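This report concerns only the one structure given below.
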Amino acid sequence: MISFGLITEGLTDQIVIEDILSGYFNTDDIIVNPLQPERDKDNENKSDYGGWTLVFKYCQSNDFREAFQFNEYVIIQIDTDVSEEKNYNIHKRDENGELTPEQLIEKVKEKFQLLIGEDFYIKYNHKIIFAITVYSIECWLLPLYYQDKRKAKITNCLNTLNQELGKRESFTIDANNKNPQYYRKVSRQYCEQKVLMKLYQENPSFKVFIQEIEKRNIVIEDDG
């Protein structure tokens, strides 16, 4: 059975990516190992502290290198909303103006290549799948709730998502205390392959992530 190691900013990002994987491969029978942050073994709604700084730190660690011994693929997720902060240091604009999502993603990937180390990256890059969210993973959820141009938004995505959640669901998401159960309810829709394959192209960085998976030509055998 193929296994995926997850390095993400937080538990809610892991939840969304797991559901996307289930929809893409059309099965719930996928081995997913949370590497960063690790989850509470007794409570799937709790995890260690996350954040973009720890994503970078983990990718420079021995744990990262050892992860390839136990996982066929390692997914690295990071948001880009604060990419211009110190120690992230990736500007959203250059001399030609605002970077496209695709250009920003490439710059973030280049940073990871440096952090990981050129030799190690060259050896294992075929096993690394980047999930660079522009600007946050909530942007990937917008196509589930919007049919107009808002489905392709890359800014202010959580507030935009909450506008529809407040109308259709019995909750909204607190930016400072994200409830994993809410993300499970929302992103679970992507477990349906027809839904996922119809909607992922509506958001630019979501589309790049699916293309990253497609390039690997991963086949998961049906045990049934």
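The values are calculated or read from the model by the stated rules, or taken from the named source; none is laboratory data. Keep in mind the model is a prediction, meaning the values are calculated, not measured. Positions of Cβ are backbone-derived with ideal geometry, glycine not excepted, and every protein chain shown enters the neighbour counts. When the accessible area is computed, the model is the full protein with side chains, heavy atoms only, and any ligands, DNA or RNA have been set aside. Shrake-Rupley method; radii C 1.70, N 1.55, O 1.52, S 1.80 Å.
Taken together, ILE78, ILE105 contain a single residue that is of a type in the set (Val, Ile, Thr), outside any strand (DSSP E or B) and in contact (Cβ under 8 Å) with a residue 12 or more places away in the chain, which is ILE105.
Is it true that LYS194 is assigned to a helix (DSSP H, G or I), open to solvent by 50 Å² or more (accessible area, probe 1.4 Å) and within 24 Å of ILE105 (Cβ to Cβ)? No; evaluated as a whole, the condition is false for this residue. Taking region 152-167 as the range and being surrounded by fewer than 17 Cβ atoms within 10 Å (Cβ to Cβ) and among the polar types (S, T, N, Q) as the test, the residues that pass are THR155, ASN156, ASN159, GLN163. In region 83-109, of all residues being within 30 Å of ILE30 (Cβ to Cβ) and either β-branched (Val, Ile, Thr) or more than 17 Å from the chain's Cα centre (by Cα) (or both), the one that is surrounded by the most Cβ atoms within 10 Å (Cβ to Cβ) corresponds to ILE105. Against the test of being among the polar types (S, T, N, Q) and open to solvent by 90 Å² or more (accessible area, probe 1.4 Å), the options SER187, SER170, SER136, SER205 yield a single qualifying residue, SER170. Looking at region 1-63, the strands (runs of 3 or more DSSP E) lying wholly inside it that each contain 1 or more residues that are open to solvent by 10 Å² or more (accessible area, probe 1.4 Å) and without any contact (Cβ under 8 Å) to a residue 40 or more places away in the chain sit at 31-36, 43-47.
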